[in-house]
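K.L.:
Let me give you the structure first, and then I'll get to my questions.
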Amino acid sequence: MNKQARIFVAGHRGMVGSALVRRLVADGYGNVVTRTRAELDLTDQAAVNRFFESEQIDVVLLAAARVGGIFANASQPGEFIYENLVIETNVIHAAYRARVERLVFFGSSCIYPKQCPQPIREEYLLTSPLEPTNDAYAIAKIAGLKLCEAYNREYGTQYVALMPTNLYGPNDNYDLNSSHVLPALLRKAHEARMSGAATLTVWGSGTPCREFLHVDDLAAATLFVLEHNLTDGLFNVGVGEDLSIRELAECICKVVGFEGELVFDASKPDGTPRKLLDVSRLTQIGWRATIGLEAGIAATYQDFVKAHGSTAAAMPA
Ligand code: GFB
């Protein structure tokens, strides 16, 4: 890919978008275009059209989305389906109208059925019902990847969709009501250690399994896809192995140095039992994740302490 290409990273302040910008800049891409929400509201179709008409964008990385953990997804399904549908419809259609040739759309492994054979291959999409705690978000993300497929078929665009597993890393959301499990447990373990608490509460039974990918690995996979001219289709992005929520909690406690007891809150939902991705579509063409979970959590914990350490207890719960 041309290092002078004008690359619009939509959602550059989020965890995924900021990782993409870091990687693009490190790799010498000189024309990374970003807009804050105040400068460009991606839910405003006319504003998005004007932006694309005037900016001569070559490549779009569509990382802007309404995201959250199991509680946020289950309690605000209307916001999750609406905001994601409108952002992806506006951006993908405006990009096509402005003759943007290449676009990468980011989804999530929750697009696959709840009771999927494991590991999950891309072709298992739409083979049986979704997990109810996040079906609204999943439907929006499925619509986004279908938009890419449909536009490629009808208009000859080169829009690809990446489906990462559960992500973590710098710039994650640590609000306990809306965060995912890894940042939530990192914060809880930190606060428990600082306050000398005897216990740490983990939602659910601790038995569901999840796979975790450091967001810098997702950024690396994205650049791999662009630089290897993969111009169509759906690609899972993960590490190829998972662990139970209990094992994750134990690993986080080890990194943070919290030695108290884990308590499981059965009133909170478990969500889908397992969603391990089959990542062979990308590994067969030469990409694989390189950041191990414990090392990734340790690096993320350092970022967390730098950004929130002294104020963690005062952050919104
Ligand atoms: O990461 P998480 O919120 O979302 O939760 P999903 C994963 C598992 O961790 C669930 C448990 O079984 C939770 O009950 N868990 C334990 C906790 N303690 C906590 C905690 O303190 N906070 C949270 N948040 N969970 C989301 C989807 O599903 O994953 C989205 O809702 C998206 O649509 C995203 O796909 C990647 O992995 O269940």
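K.L.:
Given the options M15, M194, M163, state which has the largest fluctuation in a GNM of the chain using a 10 Å cut-off (strictly under) for Cα springs.
P.N.:
Residue with maximal mean-square fluctuation among M15, M194, M163: M194.
K.L.:
So, one more: Can you give the extra length, in nm with one decimal, that the chain gains between D265 and Y82 once fully stretched, where that is 0.36 nm per residue apart less the Cα-Cα distance?
P.N.:
Contour length minus the Cα-Cα distance gives 62.8 nm.
K.L.:
Related question: Take every Cα-Cα distance within the stretch 110-176, group them into 5 Å bins from 0 onward, and report for each bin the whole-number percent of pairs it holds.
P.N.:
3, 14, 20, 22, 18, 14, 7, 2, 0
K.L.:
So how long is each side of the stretch 257-308 along the principal axes, counting just the alpha-carbon atoms, biggest first, in Å?
P.N.:
Principal-axis extents of the stretch 257-308 (Cα, largest first): 43, 32, 20 Å.
K.L.:
In what sequence, largest accessible area first, do R121, R50, R153 appear using a 1.4 Å probe?
P.N.:
Details: R121 90, R50 140, R153 195 Å².
Of R121, R50, R153, the descending order of accessible area is R153, R50, R121.
K.L.:
So how far, in whole Å, is the C-alpha centre of the stretch 206-233 from the one of the stretch 58-74?
P.N.:
Computed from Cα coordinates, the inter-centre distance equals 15 Å.
K.L.:
Based on C-alpha coordinates, I'd like the Rg and Dmax of the stretch 1-92, in Å.
P.N.:
Radius of gyration, then largest Cα-Cα span, for the stretch 1-92: 14.1, 43 Å.
K.L.:
Work the Kirkwood hydrodynamic radius out for the stretch 88-146: mean of 1/r over every pair of different alpha-carbon atoms, inverted, in Å.
P.N.:
Numbers: mean 1/r = 0.0789 Å⁻¹.
The Cα-based Kirkwood calculation yields 12.7 Å.
K.L.:
Would you rank K3, K114, K306, K254 by solvent-accessible area, highest first, keeping every protein chain in place and using a 1.4 Å probe?
P.N.:
Highest to lowest solvent-accessible surface, that is K306, K254, K3, K114.
K.L.:
Give me the percent relative contact order of the chain, please, defined on Cα pairs under 8 angstrom at least 6 residues apart. Show your work: numbers first, answer last.
P.N.:
Details: 584 pairs, mean separation 60.9, N = 317.
In percent, rounded to a whole number, it is 19.
K.L.:
Please report the equivalent ellipsoid semi-axes of the stretch 91-241, computed as sqrt(5 x eigenvalue) of the Cα gyration tensor, largest first, in whole Å.
P.N.:
Whole-Å semi-axes of the equivalent ellipsoid: 33, 18, 14.
K.L.:
Over the chain, one equal point on each Cα, no solvent: what is log10 I(q)/I(0) by the Debye formula at q = 0.07 Å⁻¹?
P.N.:
The Cα Debye sum returns log10 ratios of -0.27.
K.L.:
Moving on to the next point. Rolling a 1.4 angstrom probe over the protein chains, ignoring ligands and nucleic acids, what is the accessible area of H12 in square angstrom, nearest 10?
P.N.:
Around 40 Å² of this residue is reachable by solvent.
K.L.:
Also: I'd like the FRET efficiency for H228 and Q115, computed as 1/(1 + (r/R0)^6) with the beta carbon distance as r and R0 of 35 Å, rounded to 0.05.
P.N.:
0.60
K.L.:
How big is the Rg/Rh ratio for the stretch 176-317, C-alpha atoms only, Rh by Kirkwood, two decimals?
P.N.:
1.02
K.L.:
Summarise the long-distance tail of P(r) for the stretch 222-268 by giving the % of C-alpha pairs beyond 17 Å.
P.N.:
59 percent
K.L.:
Please quote Rg/Rh for the stretch 153-233 to two decimal places, taking the Kirkwood radius as Rh and restricting both calculations to Cα atoms.
P.N.:
On the way: Rg = 18.2 Å, Rh = 15.7 Å.
Rg/Rh for the stretch 153-233 comes to 1.16.
K.L.:
Now for a separate question. Hey, what does the equivalent ellipsoid look like for the stretch 63-107, semi-axes from the Cα gyration tensor as sqrt of 5 times each eigenvalue, largest first, whole Å?
P.N.:
Numbers: eigenvalues 132, 22, 5 Å².
Semi-axes, largest first: 26, 11, 5 Å.
K.L.:
Keeping all protein chains in place and using 1.4 angstrom, which order do W287, W203 fall into by accessible surface area, from largest down?
P.N.:
My answer, sorted largest first, is W203, W287.
K.L.:
Another one. How big is the convex hull of the Cα atoms of the stretch 31-138, per residue, in Å³?
P.N.:
Normalising the Cα hull of the stretch 31-138 by residue number yields 126 Å³.
K.L.:
Rounding to the nearest 10 and keeping the result within 0 to 90°, find how far the Cα-based axis of helix 245-256 lies from the longest principal axis of the chain.
P.N.:
The angle comes out near 80 degrees.
K.L.:
Enter the accessible area per residue of the stretch 178-228 (Å², integer; probe 1.4 Å; all protein chains in place).
P.N.:
Per-residue value: 30 Å².
The values are calculated or read from the model by the stated rules, or taken from the named source; none is laboratory data. Computed from a prediction, not measured in an experiment: that's the story for all the values here. Note: ideal-geometry Cβ built from the backbone for every residue, glycine included; neighbour counts use all protein chains shown. Just the protein is used for accessible areas: all its heavy atoms, side chains included, with ligands, DNA and RNA removed. Shrake-Rupley method; radii C 1.70, N 1.55, O 1.52, S 1.80 Å.
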